[in-house]
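These notes concern the structure reproduced below.
The values are calculated or read from the model by the stated rules, or taken from the named source; none is laboratory data. As the structure is a prediction and not an experimental result, all values here were calculated from the model. Quick reminder, even Gly has a Cβ in these numbers, built from the backbone with ideal geometry, and neighbours come from all protein chains shown.
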Amino acid sequence: MTAQKNVGSLLKQHGVSRRDLLKWCLATATTLALPISAGRAMAKSLEKATRPSVIWLSFQECTGCTESLTRAHAPTLEHLILEAISLDYHHTLQAASGEAAEKAREEAMQKGGYLLVVDGAIPMGNAGYSTIAGMSNHAMLMAAANQAAAVVAVGTCAAFGGLPMADPNPTGAVAIGTLIHEKPLVNIPGCPPMPQAIVGVVAHFLAFGKLPQLDHLHRPKAYYGETIHDRCYRRPFYDKGLFAETFDDEGARKGWCLFKLGCKGPTTYNACATLKWNGGVSFPIQSGHGCLGCSEPRFWDAGGFYHPLSAPIQPLGKVVPIAVATGAAVGTATALLNRHRYQQVVERYPTITPKDLEKSP
Ligand code: SF4
Ligand code: F3S
C-alpha cells in the first residue's frame, strides 16, 4: 500500500470527486438513519481523515465475505476500501506472502488503534486445526485484538459461528464474540454480508471515530433493524394469504409470497429487501427463492430451507381490527404482533434468551 496523507487525496487520485464522495456519504448516512447534516459531516471528515490502519484476518471461512466486499460499487468502493483506508494486512487480497505478509501484520499491530476486521469462526477443538504462519487462529485473533480500537466480525461465521459451527461442529468452532469481551465489537452477519453494511460501518468509524448504533446482538441497527419480511415487496400477497405452493405453480409465476416454500424472511434481520445486491439489482426473494435466514444465529442448523416456519405470522392488518374491537390500542396490537414474531424466533433460535428478545426492536 502506498503511503498517502488522507482519504480525500487518495480518492481524488483515483478519480472520485468531492461530489461523488458527498453523494455516497449522503446515501450512507440515510441508510444509517442519520440526518442529512451528518452525511455532509461524514463527507467532510472522510475527506480529511488520516488513513487508519485496518487488519483483516480470515479464519474458518470460504472467502465469500471478501468476495462480497470487492463487489461493493459506488463510488469505486474497491478504492475506498483497498486504497483510501490502509489495509495493512488482508490474507486474501494482499500481494505479499510469507514473511513479508507477517511483517506487515506485526508492523500494523505495533501502531495500535487499528480496526480489526475478522471473517470466519475460530476452531477451539484443537489449536492445530487451523494455523497461519505457525500460529493458531485463536492466538492470532487474541494478539491482534489486544491493540485494536474495535473488532468487526464480518459474515455469519465470525458473527454467530455459521457453517463451521453447524452440527456436529467437528472443530469446536465458536463466534468471535465468544472470545472477545474487552473491545467494542460489531457483528455484520450474512452469508455473505451486504457490502454496503461493511463499508458503511468502516466509513462511520473513519468519519466519526466510533461505531454506529448497535442492537442487542451487536449488529448495526441501520442495516439489521428490520426483517426481510418487513420490507419485502411480496408482503401484500402474504397479507392477503396468497402463497406459492411450488416453485413453478401459478402463484410462483404471479410473484406470490414464498412463505410456504420455506422463506425465513419473517425471522431474518437484514437489509437485502431495501438495499439489494449487485448494485441494487435484486435479492434472493426477487429471484424467486425464499430467504434462507443466512444472517441469523444458528444458520445453517436452523435453516430447514424448504420447510415453512411453524405458522404464518398474523398480518398486522388482521391484528389491529381484533385489538381495536377488544378495546386495545394500536400500540398493543403491534406489541402482540411482535410477541408472536419473537415466539417464532425463539422456536427457530433457542440460543436467544428472553432477555435478548425484550431488547429486540
Ligand atoms: Fe416476502 Fe418471505 Fe415475507 Fe413472503 S414470507 S412476504 S416472500 S419475506
Ligand atoms: Fe441471506 Fe435472506 Fe438476504 S438468505 S442474502 S438474509 S434475503
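General remarks:
- Of all positions in segment 78-87, at least one carries a residue that is within 18 Å of the chain's Cα centre (by Cα), surrounded by 18 or more Cβ atoms within 10 Å (Cβ to Cβ), within 29 Å of Ala145 (Cβ to Cβ) and at pLDDT below 75.
- Within segment 248-307, considering residues that are in contact (Cβ under 8 Å) with a residue 60 or more places away in the chain and part of a helix (DSSP H, G or I), the one surrounded by the fewest Cβ atoms within 10 Å (Cβ to Cβ): Leu275
- Pick from segment 265-282, criterion within 10 Å of ligand 1 (Cβ to nearest atom) and closer than 22 Å to Arg253 by Cα, ranking: nearest to the chain's Cα centre (by Cα): Cys272
- Segment 140-174: number of residues that are hydrophobic (A, V, I, L, M, F, W, C), surrounded by fewer than 24 Cβ atoms within 10 Å (Cβ to Cβ) and more than 16 Å from Val202 (Cα to Cα): 9
- So Gly262, is it over 16 Å from Pro192 (Cβ atoms) and either within 8 Å of ligand 1 (Cβ to nearest atom) or not hydrophobic (A, V, I, L, M, F, W, C) (or both): yes
- Residue list for segment 168-182, restricted to those being closer than 19 Å to Ala145 by Cβ and outside any strand (DSSP E or B): Ala175, Ile176, Gly177, Thr178, Leu179, Ile180, His181, Glu182
- Top-ranked residue in segment 212-247 [being assigned to a strand (DSSP E or B) and not aliphatic (A, V, I, L, M); ranked as nearest to ligand 2 (Cβ to nearest atom)]: Thr227
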